[in-house]
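The values are calculated or read from the model by the stated rules, or taken from the named source; none is laboratory data. Being a predicted model, the structure only gives us computed values, none of them experimental. Ideal geometry is used to build each Cβ from the backbone, glycine not excepted, and the neighbour counts take in all protein chains shown.
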Amino acid sequence: MTWDLTALLNAADPQAVLAERNLWLVRLLEWLRHAPREEASLGTPLPIVRLKHLLNVLERHPEHAWAFANVIGGVWNDVDAVALFAEVGFAPRMALWHEFLGRLRRRLLPATTDTRDLAALFELLFPDEADEDWIAAIDDELLVRLGLLFAATPDDGWRVEANAAITVLVSSVHAAGLAGPLRVRMDAELVQDKPFHQLPAAWAAVERALAGANDDGIALASAMQYLHALLDRCRAAALTVPEHLEAHGVSVDLMFSVEQLTARLDRIDALLACLLSHEPQRELLRLVSGLVRVVHERRSLRTLFARHYSLMARKVAERSAETGEHYITRNREEYRDMLRRAAGGGAVLAGTTFLKFGIALLGFTAFWGGFWAGVNYAACFVLIHLLHWTVATKQPAMTAPAMADKLLHIDRDDAIVAFVDEVTHLVRSQVAGIIGNLVVVAPLVLAVQGLCWLAFGAPLVGVRDAEYVLHSLSLFGPSLLFATFTGTLLFASSMIAGWVENWFVFHRLDSAIAWNPRIIATLGQTRAQRWSHWWRANISGLTANISLGLMLGLAPALFGFVGLGLEVRHVTLSTGQLAAAVGALGVGVMTTWAFWSCVLCIAGIGMLNVGVSFFCAFKVAMRSRGVRLADRKRVYAAIRARLRRQPLSFLIARS
């Protein structure tokens, strides 16, 4: 240990070029950080033990102390310390994706000690997250000894840099607070006194008071009181932006801007505490410890997205929850209505089945075949939506967020009862939807096949296609895996729908349709208002259906391009295909194992379509709301108890 320290102290050269002195500092911090375990004392961090040893050596060897202090003092004079105080932890531009690319670059590319930017050097000096803890653990005695070591160094150097850093931060806060995207979303009462406008002048007054050497302190106290009041007002105004976003659509870029703005306000407070403290060393140490934490937070890609996209996930889930409420039946009349709407959806999907076979006969290439199949699905799903009918498998991804709302107060018994009620309503709705789809699609496809036999002497779907259906829907084939994949697509379509609706609301497109002069001139005010309401009510449904249709058609082709032979298996469409196969091969096929294997497979497809999409949506909804199911055993027990007492409540509405 002594030899390593001796070598380090001998290498301290105040006349070396800046890159070498920076490298020496990095190696010194590495020596402090990598203390052997045998040096540790009980309860004392290992770097603190080595720091005390270093100070002991320097106090016994003044020549080493002189070189040590002059290397550090020289580095401080040659680097830009304003960057450390004003830029560490902040993005150069208040844009989330720009920050993401910057973090990715810092993680992948090596850094250099040949720099005059103290912010960049700081990341090399403190690369370990544990550095924050041992820096904060430096006690008053050790801090005094460190101060004596640099007693010959001018004390006002850091003050000049801190003043300049506050000026930079105040300018950034001033600009961000007056920028349109944030300003128009702040609470009007909090910004009516224009705190962001007054901030630069208030800081200038503090600077003048700090520069007044003969001042009795009254002017400084008054100026500081006014500045702190403005900072608090600015912070309160900035924190009202998320409330506006919650109500009018979320933007992760704006949330990032708010976070950067409030963090800069906190940094101003920390620097002011250093400047005004009677013991600035302790405040500086606290500031450095916080900067270490900020450096490591800023290196984390996961933290960046987890923090900002959680709000987006919640808002998307809430948009889906609003739509999902329409798919949950809670009484007998709603149950019958669901059966009727599902029957209408089944009728349209019967036509979708024949169109799918027709597109396959045209012999398109894989991509264009998938594209036109997707257009077919999307057009039919949109038609079902516009007719206010339903497709059963689209329900779970929409209803899961609505159910997650019931978990917000799951610690209460009445909340558990409400959740179990919602489970029964959901299961019953799913049963009604699937029954309504299947009892129409199968007979209708069979009827069309029979009519074609009578009219043309051959079915619309031929024997060759029918045999392929029996083979592809075999219980022992990959269809159940494909059904799981289809469930993820069903979930993805609901998330896309929620995101697009949030985008639509955030950009106020419904208001633009209603009040844009050109649109009003073209449509007339009454029709523009009607179109505005129509798009606001249908944007989510249209997006969900179009995205789902295109994904069902294109996903197999795109995955096939990279060698993944994934296909889609949708319970209603698969039922229609099996009915077409029976119509082509004759009812005798219903006595074979091949047919019943397909029937069992379709049952599994239905469960996986519904289960996977519901599970994915439910997980996202719970995470976005911060729900932890610590009492899930109580929930499961309550569901089992309901199954024992009222099993038919999961299938039939009683009232």
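Some points to look at:
- Residue within segment 163-172 that is modelled with pLDDT under 90 and surrounded by fewer than 17 Cβ atoms within 10 Å (Cβ to Cβ) present: no
- The condition of being hydroxyl-bearing (S, T, Y), closer than 26 Å to N538 by Cα, part of a loop (DSSP other than H, G, I, E, B) and touching a residue at least 24 places away in the same chain (Cβ under 8 Å) does not hold for T353.
- Residue check for E207: assigned to a helix (DSSP H, G or I) and touching a helix residue (DSSP H, G or I) at 6+ places or on another chain (Cβ under 8 Å): yes
- Check on V571, in contact (Cβ under 8 Å) with a residue 40 or more places away in the chain and among the aliphatic types (A, V, I, L, M): yes
- Close Cβ contacts (under 6 Å, 6 or more residues apart or on different chains) running from residues in segment 118-137 that are under 11 Å from L285 (Cα atoms) to residues that are hydroxyl-bearing (S, T, Y) comprise E132/S289; I135/S289; A136/S289.
- Which listed residue, of I520, I513, I496, I435, is surrounded by fewer than 17 Cβ atoms within 10 Å (Cβ to Cβ) and part of a helix (DSSP H, G or I): I520
- Qualifying residue in segment 603-618 (condition: of a type in the set (A, V, I, L, M, F, W, C) and within 21 Å of F357 (Cβ to Cβ)): yes
- P92 fulfils the conditions (1) surrounded by fewer than 16 Cβ atoms within 10 Å (Cβ to Cβ); (2) modelled with pLDDT under 85; (3) not in a loop (DSSP other than H, G, I, E, B) except for a single criterion, (3).
- Residue match in segment 448-458 (condition: farther than 24 Å from V599 by Cα, within 23 Å of the chain's Cα centre (by Cα) and not acidic (D, E)): no
- Leading residue by the ranking (modelled with the highest pLDDT) among those in segment 39-57 that are in a loop (DSSP other than H, G, I, E, B) and surrounded by fewer than 19 Cβ atoms within 10 Å (Cβ to Cβ): T44
- Neighbours by Cβ (under 9 Å, 6+ apart or cross-chain): first from segment 289-304, more than 14 Å from G102 (Cβ to Cβ); second at pLDDT below 80 and among the basic types (K, R): none
- Only listed residue being within 27 Å of C601 (Cβ to Cβ), crowded, with 19+ Cβ neighbours inside 10 Å and modelled with pLDDT under 80, chosen from A402, A392, A373, A378: A392
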